[in-house]
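I have placed the structure first, in the form of structure tokens, so that the comments after it can refer back to it.
Read-outs throughout are calculated quantities, based only on the coordinates presented, and are distinct from any laboratory measurement. Everything numeric in this text was worked out from a predicted model, so none of it was measured. Note that each Cβ is placed from the backbone with ideal geometry, even for glycine, and that neighbours are counted across all protein chains shown.
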Amino acid sequence: MQHQPALVLNTDGIPLRVISWKRAICLDILGKEIPEEGITVLKYYDDYVRSAGGLEIQIPAVGMTNRYINVSKKIPLTKHNLMVRDKGRCQYCYEKLSDSISTIDHVIPKRMYNRKADCHIWENVVIACRSCNIKKGGRTPGQAGMPLINKPYEPNAYNFWGFKKLPEWEEFLGYN
């Protein structure tokens, strides 16, 4: 039988990750046995599993960690993470790309910056196919007549990891 995963929130209510229903049950039990460990379940699904001993266990939908988990708020700027943000598509022609054939394009070219480090930021880089990157060259999209399909932005953990939106999670994620 297919069961839904569980959303795990940090103690401050910020989503941390999505875990399997089996892991959620284990962390729920752990949290009841050792209060500073595991999770406290905030909401359950209307779904149960039966243990080998015949016990019916309700499946957690949303849990909160029992202690604060210190996580980096910043997503590292890597080619792989750019591929995730840009959904693996060239931001000029929207061609679907693989990691091996994609390139990183600096929207405002590096040569226009005094310091090279200043240009390599989320808001100035996009994934591009080789032909679009070569065609654009050392020009801005406006100068090259190549408008961007999506404006580059720095993702946060919530929108970057793209949590699957289940109805049971609505009140915890703030969407309608």
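Before moving on, here are some points about what is shown:
- Full-stretch length increase - Arg17, Asp47 - with 0.36 nm per residue and alpha-carbon distance subtracted: 8.7 nm
- Shown here for segment 16-69: GluC sites (Glu not before Pro) in loop regions (DSSP other than H, G, I, E, B) with at most 16 other Cβ atoms within 10 Å, namely Glu36, Glu37.
- Cα gyration tensor shape of the chain, rounded if a/c is under 1.5, else prolate or oblate by comparing a/b with b/c: prolate
- Order of Ser102, Ser131 - criterion: other Cβ atoms within 10 Å of each residue's Cβ, fewest first: Ser131, Ser102
- Take every DSSP beta bridge whose two residues both sit in segment 1-131; close to 85 percent of them are antiparallel.
- With neighbours defined as other Cβ atoms within 10 Å of a residue's Cβ, the residues Val125, Val71, Val107 order from fewest to most as Val71, Val107, Val125.
- Classification of segment 79-155 by its C-alpha gyration tensor yields an oblate form. The axis ratio a/c (a ≥ b ≥ c) is 1.5 or more, and b/c is at least a/b.
- For segment 110-161, the set of trypsin sites (Lys or Arg not before Pro) satisfying both a DSSP loop assignment and a count of at most 15 other C-beta atoms within 10 Å is given as Arg115, Arg139.
- 222 nm mean residue ellipticity, helices alone, for the chain (DSSP H n ≥ 4; -39,500 (n - 2.57); rounded to 500): -6000 deg cm²/dmol
- Among the listed pairs Lys79/Lys165; Lys110/Lys136; Lys32/Lys73; Lys96/Lys151, those beyond 21 Å (Cα-Cα): Lys79/Lys165; Lys32/Lys73
- A simple spin-label model places pseudo-atoms 7 Å from Cα toward Cβ; at Glu36 and Ser100 they are separated by 4.9 nm.
- Here Cys90, Cys132, Cys119, Cys26 are placed in order of increasing Cβ neighbour count within 10 Å, fewest first, which gives Cys26, Cys119, Cys132, Cys90.
- Our coupling estimate for segment 141-153, obtained by passing each phi through the Karplus curve with A = 6.51, B = -1.76, C = 1.60 and θ = phi - 60°, is x, x, 5, 8, x, 10, x, 6, 6, 10, 6, x, 8 Hz, Gly and Pro reported as x.
- A straight chain from Cys26 to Val71 at 0.36 nm per residue would run longer than the Cα-Cα distance by 14.0 nm.
- Cut-off 20 Å (backbone N to label point 7 Å along Cα→Cβ of Lys116), residues of segment 78-97: 78-80
- Once you reduce segment 47-75 and segment 1-30 to the center of their Cα atoms, the two points are 3 Å from each other.
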